[in-house]
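Remarks on the structure that follows.
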Amino acid sequence: MVCPSWSSRVPALSAAVLLATALTGCAFGRAEGATAPGAAGTASPTPAGKRVSLVQKLGDEGPIRNLEVDPTGRWQCRDCAGDGVDATGTLSPEQNRRLQRMLADPAIAKETDHARSYKQGCIGVLTSTLLVPPDLTVTIQDCPGEPKPKVAYDVLLLVTQATPAEDKG
């Protein structure tokens, strides 16, 4: 049985994850694989690689933080540290190479919520959801004793430590 207070939390977080998933494809103004005019009017392809979004919420009442990193390493963060401040920047080339290697690792497919039959088990903790289009979703909660999916957790650490999205509170 799910207590009423828990059931009221799930739709709010689920709605945030759904919204972030919908916005991921257009977060940086064009869809994956799109072309943009070059300096001489020619088309230049979007760099190979994967885009990743991170949606975080601390507890029941915390603000929802959104971070998107495109294949080039450019990132955009809304309410980055839960303080209402938005920021943009770029990962270092080495950070972006590490990120792209992790996102391409076949092991991450075994860490998805679906593959793990993941059910959120803690209340009042930081919940982080990684979204990798087209269909990878990995949720990680800071629950005591809960095992962390290795590759996805390494992605989470890289993007939070390289941007203002690191949890400050």
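The values are calculated or read from the model by the stated rules, or taken from the named source; none is laboratory data. This structure is a prediction, so every number in the text was calculated from the model and none was measured. In case anyone asks, the SASA skips ligands and DNA or RNA and just uses the protein heavy atoms, side chains included. Shrake-Rupley method; radii C 1.70, N 1.55, O 1.52, S 1.80 Å.
Structure notes:
- For the set Glu94, Glu61, the ranking by accessible area, highest first and with no ligand, DNA or RNA atoms included, is Glu61, Glu94 under a 1.4 Å probe.
- Area accessible to solvent at Ser92, 1.4 Å probe radius, in Å²: 40 Å²
- Taking every protein chain into account, the 1.4 Å probe leaves Val85 with about 80 Å² of accessible area, to the nearest ten.
- Taking a straight Cα-Cα cut-off under 22 Å and skipping sequence neighbours fewer than 8 places away in the same chain, the lysines within cross-link reach of Lys110 are Lys50, Lys119, Lys148, Lys150.
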